[in-house]
1. Quick check for you: which residues of region 91-120 have the amide N under 18 Å from the point 7 Å beyond the Cα of I77 toward its beta carbon?
2. Rank the residues K62, K309 as a footprinting-exposure proxy: fewest other Cβ atoms within 10 Å of their Cβ go first.
3. Using modelled amide H (1.01 Å from N, peptide plane; none on Pro or chain starts), what sits under 5 Å from the amide H of I77, excluding residues fewer than 5 places away?
4. Would you please give the FRET efficiency between D8 and K62, computed as 1/(1 + (r/R0)^6) with r the Cβ-Cβ distance and R0 = 22 Å, to the nearest 0.05?
5. So if each residue of separation counts as 0.36 nm, and I subtract the Cα-Cα distance between V317 and L192, what length gain in nm does that give?
6. Once you have the Cα-Cα distance between D370 and F280, take 0.36 nm times their residue separation minus that, and quote the gain in nm to one decimal.
7. Mind giving me the nanometre distance, one decimal, between the label points for V147 and Q36, set 7 Å out from Cα along Cα→Cβ?
8. Of the peptides 70-80, 21-31, how do they stack up when ordered by the mean number of other Cβ atoms within 10 Å, highest first?
Amino acid sequence: MARPGRFDWRNIAIDGVPPVLLLVVGLLDIATGLSQPTGRAPAVTAVIPTVIACAALTFRRKQPLAILIVIVAVIAIPPWVFPVALTYWGEFIPWLVAVYSCARHEPGMLRPLIALATAAATLASIAVRFPEMSDPGDVLYNGAFLVASWTLGLFARSWAVHRDNALRAEIESTQAAERASEQERARIARELHDVIAHTITVIVVQAGGGRVAAARDPGAAVTALAQIEELGRDSLGELRALLTVLRGDTDERGDPQPTLAGLADLCERMRRLGLPVSLFVSERAESLPLGLQLTGYRVVQEGLTNVLKHSGTVDTVVRVGIAEPADRLLITVTSGPGTKSDTVPGAGRGLSGLRERVELMGGELTSHEDADGSFTLSAMLPLRGDPV
């Protein structure tokens, strides 16, 4: 596409160069007799029709049928009024080009058929006006050229449509691949955030507790370090699976993504950190699709991580079950009143990223604080239906 304020030289050349070349050749035909003119009038009488026909071709792509009518009018009408000769290069060739342009650029089939009928009527008119053109062989010969030009135009139009469709399909395929790649990167970013945020939060809490306890109870510090080591191993397994996806190593099997069955281990780790957690999971919940279970696991993980970060070691209850009328998975993480002191600073992306994850599954994430300072995080996920 040409930039604003600049000439589109390519289209100017396509529209202007062929008519100019035909005009030059047509005038040379008149001047030198390259071909035998039709009619008894001198060849010079064809100069004006030649100029008009060639000039009209400049607009053949914008108004093909109108230009064809102008050209056939210039060719067929004057011989009935004035003694005018017909030339091959200056009039017949522009006529063929106009017929081709109608078949190539006019939409549908009605206008191209009108163009073909107009060409046939013009050929019949010329055959009647000029006896030397009335021989059946000459009529068939010239008619074959007109039909060939028309057919070639239809073929060119079909090829252009096929080319445009293929290009459009390629563009749409590329855009779809880019969107899929962006969605996959966003999904992996959410996974990385959940894994790393949870791991770092627990490590900071454990390290801080171990540092405080080290002076009076070295064994507690060793226990804290052991828990940090165990958590690090688990997190490395999850990160390894995500990095396998990033590298595209389809032959390498990464560690499985966590499911609702892993909530018991998650809560046990939190209990070892001093966070009293009660877990209630419906048996039916553990048989749900893996994608839904992963989202549920991340909701609980983020909820417990936030409790540890913002409220400290307060009583916490996790409930995972099927909400009536049995078409949604309901997850709640409720914590008691805390100190509200942020043990680990954060950028506030946890809940917003979790909300994006839940909404992608067609669900809803809510959170609220009660008057007594307790906090509840709830997620409602549909059991059926495709993610949005």
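Derivation of every value follows stated rules applied to the coordinates shown; laboratory data play no part. Computed from a predicted model, the values in this text were never measured in an experiment. Methodologically, a virtual Cβ is constructed for each residue, glycine included, from the backbone with ideal geometry; neighbour enumeration extends over all protein chains shown.
1. Residues 91-92, 95, 115, 118-120 qualify, since their backbone N sits under 18 Å from the label point.
2. Placing the least packed residue first, the sequence is K62, K309.
3. Amide H to amide H, under 5 Å and 5 or more residues apart or across chains, I77 pairs with nothing.
4. Working from the Cβ atoms, E equals 0.95.
5. Fully extending the segment from V317 to L192 adds 42.5 nm.
6. The D370-F280 span can extend by a further 30.2 nm.
7. About 2.5 nm separates the two model spin labels.
8. My ranking of the peptides, most packed first, is 70-80, 21-31.
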